[in-house]
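Scroll down for the structure; my scribbles are underneath it.
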Amino acid sequence: MPVVTVDWWKGNDRQKRADLVGELTATVARIAGCPADAVTVLVRDIEQDHWGRGGVLADAPAPVSVDRSPVLADVPHQGSAPR
């Protein structure tokens, strides 16, 4: 019946995997209307250097970004006169 595959970063311990499998199994069985023993959950631990997003490997240092959001004091509030 249902098979659920979870890819997540390596480093989660056995208890976290067991908790995940238990919770997913219960939820899928409830929604699918099948017995829990019909649900298979596959948990795959992926090294961060094997996981990319946005063209960058997950283990690469995050680029330093410059915050260009306006300072709240410079933004007129509704009902207040401009400064």
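Structure above, values below:
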{"item": "Derived scalar couplings ³J(HN,Hα) [segment 8-18; Karplus, 6.51 cos²θ - 1.76 cosθ + 1.60; whole Hz; x for Gly, Pro]", "result": "9, 5, 4, x, 6, 7, 4, 5, 5, 5, 4"}
{"item": "For TRP9, distant residues with modelled amide H under 5 Å away", "result": "ILE46"}
{"item": "Label point distance in nm, ARG44-ALA58, each placed 7 Å from Cα along Cα→Cβ", "result": "1.2 nm"}
{"item": "Rounded, prolate or oblate (a/c below 1.5 giving rounded, otherwise prolate when a/b exceeds b/c) for segment 1-51 by Cα gyration tensor", "result": "prolate"}
{"item": "FRET efficiency, THR27 to ASP7 (Cβ-Cβ, R0 30 Å, nearest 0.05)", "result": "0.95"}
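Since every read-out is calculated from the coordinates, none of them should be taken as a lab result. Given the structure is predicted, the values throughout are model-derived calculations rather than measurements. So basically every Cβ, Gly included, is an ideal-geometry build from the backbone, and we count neighbours across all protein chains shown.
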